[in-house]
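The values are calculated or read from the model by the stated rules, or taken from the named source; none is laboratory data. In this text, all values refer to a predicted model and were calculated from it rather than measured experimentally. Note that we place each Cβ from the backbone using ideal geometry, even for glycine, and neighbour counts take in every protein chain shown.
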Amino acid sequence: MSRSLVFAYPGDLSLKTGGYGYDRKVIDGLRSLGWHVQLLSLGDGFPAPSQATLQHANEVLSALPDRTLVLVDGLAFGVLDAWVGAHADRLRIVALVHHPLALETGLSADEQERLRKSERLALERVRHVLVTSPMTARELVENYAVSPSAITVALPGTERPSKARGTGEIPRILSIGTLSRRKGHDVLLAALKSIDDLEWQAVIIGSKTLDPSTAAALARQVEALELTGRVDLRGEVDDPRDFYASSDIFALASRYEGYGMVFAEALSFGLPIVACHAGAVPDVVPEDAGMLVPVDDSTAFADALRRLLTDAGERQARAAAARRAGEALPDWPDTAKIISNALDGMA
């Protein structure tokens, strides 16, 4: 049986972020299961596109033939409420929601309300919603009036690497996440300054171009804190696996996560984790594998890092727990099968 799908996405699908990485893996997985997946670019700037970009997105989506099964990435979907309302009866529209747009860090109250309203209107008319975590599913049910029966949770997959070997020398702290305010790298840097009496090196991997003002501010913060020789703001890398494998601790002070693929990847490498009790992070990181502290509390974050750096026994115990948790996580073929089964039900 021929199964066809249009995957509509905003921005650059090749960007090395968790959301786009999820999209790429799902596309590859669906194709391996026999789906014909047509990619449809909606343009840049979402979720705050220019009027011209929004018009382009509406035009290319409106041109799809009747009965087309179209999966729209949530970064764009949440502001396409007018298109969804106009075409929901003739198209089979499915939304892929990584996390609600209104929960992005740094928005004004007016911006949050505008995004919450548009995304709620869009979600009212779709055939189905795919989400990447149980927490996002709960959020959509409780605050966006989505029926639980209309939601499928498809956790991000992981690979099965060998466990992290560390550096064998000075402990390496690894952080991976776009240099944006939501990822909380400013909190991590403040925490690292508080433990500069200990031996460690830190590498922060993530795009410097998606939020250049935050990236520049972080570079200034590193210099102001006199951490230039100890913190490497690496930018994007083609493959972070070698960094996971050669690290001793994973630390990310995100202010919100719809899932947090990097935490799952850190678990799969057996890395003990320091993170914040934010969004879906507690759902991903088990208590025995990670230490979760309040959001924006650099003192508590520093205390957790200090414990792991000074207590080898605790670090090893949490690393073993992380490895066990990582072995229980789904792989990408599992994720693709869950989504494929959900899409099969949209006939």
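Output the number of the condition that Ala336 fails; it satisfies all remaining conditions of (1) more than 18 Å from the chain's Cα centre (by Cα); (2) surrounded by 18 or more Cβ atoms within 10 Å (Cβ to Cβ).
Result: Ala336 passes all but (1).
Would you please name the residue that is farthest from the chain's Cα centre (by Cα), looking only at residues in segment 75-89 that are buried (at least 18 other Cβ atoms within 10 Å of the Cβ) and under 20 Å from Gly345 (Cα atoms)?
Ranking the qualifying residues of segment 75-89, first place goes to His87.
Suppose we filter Asp110, Asp197 for residues that are under 21 Å from Leu225 (Cα atoms) and surrounded by fewer than 17 Cβ atoms within 10 Å (Cβ to Cβ); which single one remains?
Asp197
Could you tell me which residue of segment 2-16 is surrounded by the fewest Cβ atoms within 10 Å (Cβ to Cβ), considering only residues that are of a type outside the set (D, E, K, R) and closer than 20 Å to Gly157 by Cβ?
Ranking the qualifying residues of segment 2-16, first place goes to Ser14.
Kindly indicate whether any position in segment 301-315 is assigned by the TED database to the domain that holds Val274 and modelled with pLDDT under 95.
Yes, segment 301-315 contains a residue that is assigned by the TED database to the domain that holds Val274 and modelled with pLDDT under 95.
Take the residues of segment 208-229 that are polar (S, T, N, Q) and part of a helix (DSSP H, G or I): which is nearest to Leu192 (Cα to Cα)?
Step by step, filter segment 208-229, then rank; the result is Gln221.
Identify the residue in segment 299-333 that is of a type in the set (Asp, Glu) and closer than 18 Å to Asp197 by Cβ and, among all such residues, is surrounded by the fewest Cβ atoms within 10 Å (Cβ to Cβ).
Asp311
Filtering segment 17-41 down to residues that are hydrophobic (A, V, I, L, M, F, W, C) and either within 30 Å of Ile204 (Cβ to Cβ) or assigned by the TED database to the domain that holds Ser207 (or both), which residue is surrounded by the fewest Cβ atoms within 10 Å (Cβ to Cβ)?
Restricting to residues being hydrophobic (A, V, I, L, M, F, W, C) and either within 30 Å of Ile204 (Cβ to Cβ) or assigned by the TED database to the domain that holds Ser207 (or both), the top hit is Ile27.
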